[in-house]
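The values are calculated or read from the model by the stated rules, or taken from the named source; none is laboratory data. Just so we're clear, the structure is a prediction, and the values are computed from it rather than from any experiment. Cβ sites come from the backbone with ideal geometry, for glycine too, and all protein chains shown count toward neighbours.
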Amino acid sequence: MLFDTHAHLNATQFNEDVEQVIERARAESVSHIVVVGFDRPTIQRAMELAEQYSFIYAAVGWHPVDAIHMTDEDLIMIERLAAHPKVVALGEMGLDYYWDQSPKDVQKEVFRKQIRLAKKVKLPIIIHNRDATADIVDILREERAEEVGGVMHCFSGSIEVARQCMDMNFYISFGGPVTFKNAKKPKEVAKEIPLDRLLIETDCPYLTPHPFRGKRNEPSYVKYIAEAIAELKGLSFGEVAQKTSDNAKRLFGII
């Protein structure tokens, strides 16, 4: 069975056919999906899906691109939702220096607040990182994020950075790019990550794996990530599917 640890079925791209998308995922042996909320509307929709489907869980947090819009009331909402039995993580949170929509100092403060909240509510965190690796690692260290751990979502960094993150109690998650024919770095890093620290995800509707690159991504495609990692590591598809599912259940506290 496969575990898609990061999906955005709460995105508007799924407004018309989310039920069929979920049915296709189940038909491809996807046993669990974490739907990630990152602002008010997507958090609300993630909660609705988690309450509607027994095998869907929610993560709630605030995306760094929109950090400038987060209020104290939003943080209180996230803390309240953290007590819900279907909420398994806080996030996605982090830093994004690619999209210049929120000042860096605001992003850092919002990131720190969410890490502190995660430690308070004792939930792991899901990290978004774009062009901000050094600052992310520094903040995780300074805030002692290893107390809750979490996942480096859609990891694109070096093996050295991956090791630093694993030392801080983080799993390394790979998505569609590990299947891209010209993506040497993700393949090299995925090959080196110990199987017991590895997760897989789609980040749908984005980052669609080969052979569907360019089309809308969906959770049923997580099998292509598992297949690519199995080939890189010289393991069976079943081994990778089982181990990454076990890892996700352990991280998110799912029995």
All but one of (1) touching a strand residue (DSSP E or B) at 6+ places or on another chain (Cβ under 8 Å); (2) surrounded by fewer than 12 Cβ atoms within 10 Å (Cβ to Cβ) hold for LYS108, so report the exception by its number.
(2)
Check ILE76, ILE68, ILE127 and return the single one that is of a type outside the set (Asp, Glu) and buried (at least 16 other Cβ atoms within 10 Å of the Cβ).
ILE127
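Conditions (1) touching a His at 6+ places or on another chain (Cβ under 6 Å); (2) touching a residue at least 24 places away in the same chain (Cβ under 8 Å); (3) among the charged types (D, E, K, R); (4) over 25 Å from GLU19 (Cβ atoms), marked per residue:
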| site | (1), (2), (3), (4) |
| --- | --- |
| PHE155 | no, yes, no, yes |
| ASP167 | no, no, yes, yes |
| THR179 | yes, yes, no, yes |
| ALA183 | no, no, no, yes |
| GLU188 | no, yes, yes, yes |
| LEU198 | no, yes, no, yes |
| THR202 | no, yes, no, no |
| LYS215 | no, no, yes, no |
| TYR224 | no, yes, no, no |
Taking the condition in contact with a helix residue (DSSP H, G or I) (Cβ under 8 Å, 6 or more places away or on another chain), among the small types (Gly, Ala, Ser) and in contact (Cβ under 8 Å) with a residue 40 or more places away in the chain, does GLY149 pass?
yes
Could we say that ILE68 is out of contact with any His (no Cβ under 7 Å at 6 or more places or on another chain) and over 22 Å from TYR221 (Cβ atoms) here?
yes
Every residue in segment 37-90 that is outside any helix (DSSP H, G or I) and without any contact (Cβ under 8 Å) to a residue 24 or more places away in the chain, please.
SER54, THR71, PRO85
Name the one entry in ASP105, ASP74, ASP100 that is at pLDDT below 95 and more than 19 Å from the chain's Cα centre (by Cα).
ASP100
Whether any residue in segment 98-105 is free of Cβ contacts under 8 Å to residues at least 40 places away in the same chain, within 24 Å of PRO186 (Cβ to Cβ) and surrounded by fewer than 17 Cβ atoms within 10 Å (Cβ to Cβ) is what I want to check.
yes
Enumerate the pairs (first residue in segment 10-27 and over 23 Å from ASP39 (Cβ atoms); second residue anywhere and among the charged types (D, E, K, R) and crowded, with 17+ Cβ neighbours inside 10 Å) with beta-carbon separation below 9 Å, excluding pairs fewer than 6 apart on the same chain, so at least 6 apart or on different chains.
ARG24/GLU218; ALA25/ASP4; ALA25/GLU218
ASP39 vs. criteria closer than 12 Å to MET93 by Cβ, of a type outside the set (Ser, Thr, Tyr) and surrounded by fewer than 20 Cβ atoms within 10 Å (Cβ to Cβ)
yes
Counting only residues that are part of a loop (DSSP other than H, G, I, E, B), hydrophobic (A, V, I, L, M, F, W, C) and at pLDDT 95 or above, which one in segment 210-255 is nearest to VAL60 (Cα to Cα)?
ILE254
